[in-house]
1. Looking only at the range B:1-29, count every residue that is surrounded by fewer than 16 Cβ atoms within 10 Å (Cβ to Cβ), in contact with a strand residue (DSSP E or B) (Cβ under 9 Å, 6 or more places away or on another chain) and acidic (Asp, Glu) and tell me the total.
2. Assuming A:Val229 fulfils every condition listed in (1) within 13 Å of ligand 1 (Cβ to nearest atom); (2) within 18 Å of A:Ser340 (Cα to Cα); (3) not aromatic (Phe, Trp, Tyr) apart from one, which condition is it?
3. If a residue must be closer than 12 Å to A:Ala283 by Cβ and among the hydroxyl-bearing types (Ser, Thr, Tyr), how many such residues does the range A:212-222 contain?
4. What about A:Val263, is it away from ligand 1 (no atom under 11 Å from the Cβ) and of a type in the set (Val, Ile, Thr)?
5. Looking at the structure I just gave you, is A:Asp275 in contact with a helix residue (DSSP H, G or I) (Cβ under 8 Å, 6 or more places away or on another chain) and either without any contact (Cβ under 8 Å) to a residue 12 or more places away in the chain or among the charged types (D, E, K, R) (or both)?
6. From A:Arg140, A:Arg133, A:Arg123, A:Arg117, which residue is closer than 30 Å to A:Phe102 by Cβ and modelled with pLDDT under 80?
7. Could you identify the single residue in A:Ile7, A:Ile23 that is in contact (Cβ under 8 Å) with a residue 60 or more places away in the chain, surrounded by 14 or more Cβ atoms within 10 Å (Cβ to Cβ) and not in a helix (DSSP H, G or I)?
8. Looking for something away from every other protein chain (no Cβ under 14 Å), within 12 Å of ligand 1 (Cβ to nearest atom), of a type in the set (Asp, Glu) and part of a loop (DSSP other than H, G, I, E, B) - is there at least one such residue anywhere in the range A:340-359?
Amino acid sequence: METKPKILIIDDEEVVLDSCTQILKGSGYQLKIANDGLRGVELVREYQPDLVFVDLKMPGISGFEVLEKVREIDSTIVTVVITGFATVSSAVDAMKKGAYDFLPKPFTPDEFRMIARRGIERRRLMLETIALRREKELLREQFASIVSHELKAPLGAVQQNLFALDFELEEKLTEEQKAKFGRIKIRIDELLKLINSWLRVISVDINKLKDSFAQVSITKPISNALESVASLAERKNIEIVSSISDQLPPILGDVLSLSEVFVNIMGNSIKYSPDGTKVTLTAEVQGQNLVTTIQDGGIGISPEDLPHIFDGFFRGKSGQAGHGIGLAVAHQIVDAHHGSINVTSELGKGTTFMVSLPLFVNSP
Amino acid sequence: MTKKLLMIDDDPDFVSGIKAILDKGGFEVDVAYNPKDGMTALQTKQYDLLLLDIMMGRGAEGIMIARKLRKDVKLRELPVLIMTGMREQIAFLFPGEPIHPRFVEIDELVEKPVEPKMLLEKVNSLIAAAEAKKAGKK
Ligand SMILES: Nc1ncnc2c1ncn2[C@@H]1O[C@H](COP(=O)(O)OP(=O)(O)OP(=O)(O)O)[C@@H](O)[C@H]1O
Ligand SMILES: [Mg+2]
């Protein structure tokens, strides 16, 4: 059975409290009353009402203060102010401060019942919205784990058995048969990689990233990234010219995820550039930030595409392979560092990415 | 002498794919399909290496086993090859570099699925490392 909605009335006039009690008798609500602000706030804590009626004019702590306290205790509790006709303007003030409605004195039983019903309905909707939002977050997390368990694990088991079969039959297979195995393995490997990148987008946990923040030099993630993209650059005969001084001041961040940022951006610079071109890396202090610039002489990004390149799963029409995830992840990571990424690009000429990260400041 | 390995993993299909490779590689492989049976096997038999799945059951139950191993004076010396399907949870940037989670003294982490050559290499080198360590202690 659903619990009865709880109403609390805070008013210093006994008449008001009595008549409210009378009106709500047998109405399906639970009711508590308080005849001053302090006792009222106490009851809000203990009783956790859905709806609170507060008289604005009371001796002791005022109705406004009560409203504030209620908000602090639980901002989803709905408040309605009770005011005399002469003070409708203060009711408006109260509503600006978060009260949901007002009840002018004197009121008829019907007026009171209607406002109570609306207040309770409001509270129900608020709680529902919050529950839905929570559910959505949970679903997102769950989606990540479903993808890993229901999709990735079986595919991994398939691939493992292919590995085994191929290995067991090594001496018996003809070249052609081996080539078939090879094709299957490559396709499954691509699928696994795709699943991994999906998971990556869903599960960059920004708050967890912050746990591993430390004072680092930008040269660390950059040299990690250079190492990681070196073979790709070599294959395309692209020279990466890096003129980054190791005298630069440190930033506050996480080396591994920042490495990932630079791998993704530099990887793009190489991927979206013709063979034999150059990629240039520089870094300098600009105000309170360290700005690293990655410039390529590649195919460029059209003005229509430019606003979308950081969206998850967005891909330009370059014909290159990819999942449209690299920049989305880079953006999330840089965001977590309170930094920013800027891009300028000209079709057919090249693209420049600027990654700006706040300098490390010694906290006292 | 033939090396004896124990594999703890709750996915029988995956296990068969790993076991076939190890069989052909000349190892003797026991399998436990849940952490409980795995612990029993570890306590009753002598192994040269443990292949451990991290994500079993409702969560990272494999880690519980690693913790128990660490507390056990004898089992502490057993080398462990940790296998995980959760690549996104570890630093996946530098796939070439070995990852040692240090759950126990001698361990290494690989991502599922594992290529035969790499699997045999890791198993052999972990066993060798454990033996070298033992010899050094004597
Ligand atoms: N340096 C660049 N030069 C030209 N186009 C670029 C460059 N960097 C990004 N882009 C465009 O932005 C799009 C999104 O880039 P992003 O790195 O997010 O995805 P991707 O490279 O397509 O795939 P992946 O997830 O494998 O990195 C690309 O598809 C490409 O069209
Ligand atoms: Mg990319």
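1. Going through the range B:1-29 one residue at a time, the tally reaches 2.
2. Of the numbered conditions (1) within 13 Å of ligand 1 (Cβ to nearest atom); (2) within 18 Å of A:Ser340 (Cα to Cα); (3) not aromatic (Phe, Trp, Tyr), the odd one out for A:Val229 is (2).
3. Going through the range A:212-222 one residue at a time, the tally reaches 2.
4. Details: away from ligand 1 (no atom under 11 Å from the Cβ): no; of a type in the set (Val, Ile, Thr): yes.
Answer is no for this residue.
5. On the way: in contact with a helix residue (DSSP H, G or I) (Cβ under 8 Å, 6 or more places away or on another chain): no; either without any contact (Cβ under 8 Å) to a residue 12 or more places away in the chain or among the charged types (D, E, K, R) (or both): yes.
Against the criterion (in contact with a helix residue (DSSP H, G or I) (Cβ under 8 Å, 6 or more places away or on another chain) and either without any contact (Cβ under 8 Å) to a residue 12 or more places away in the chain or among the charged types (D, E, K, R) (or both)), A:Asp275 does not qualify.
6. Working: A:Arg140 fails: closer than 30 Å to A:Phe102 by Cβ; A:Arg123 fails: modelled with pLDDT under 80; A:Arg117 fails: modelled with pLDDT under 80.
Within the list A:Arg140, A:Arg133, A:Arg123, A:Arg117, the selection yields A:Arg133.
7. Numbers: A:Ile23 fails: not in a helix (DSSP H, G or I).
None of the other options fit; the residue is A:Ile7.
8. Kept after step one, since they are away from every other protein chain (no Cβ under 14 Å), are these residues of the range A:340-359: A:340-359.
So of that shortlist, the ones also within 12 Å of ligand 1 (Cβ to nearest atom) come out as A:341, A:343-353.
Still in the running and of a type in the set (Asp, Glu): A:346.
Of the ones still in play, those that are also part of a loop (DSSP other than H, G, I, E, B) are none.
No, the range A:340-359 contains no residue that is away from every other protein chain (no Cβ under 14 Å), within 12 Å of ligand 1 (Cβ to nearest atom), of a type in the set (Asp, Glu) and part of a loop (DSSP other than H, G, I, E, B).
The values are calculated or read from the model by the stated rules, or taken from the named source; none is laboratory data. These numbers come from a predicted model, not from an experiment. Cβ coordinates were reconstructed from backbone atoms using ideal geometry, including for glycine residues, and neighbour counts include every protein chain displayed.
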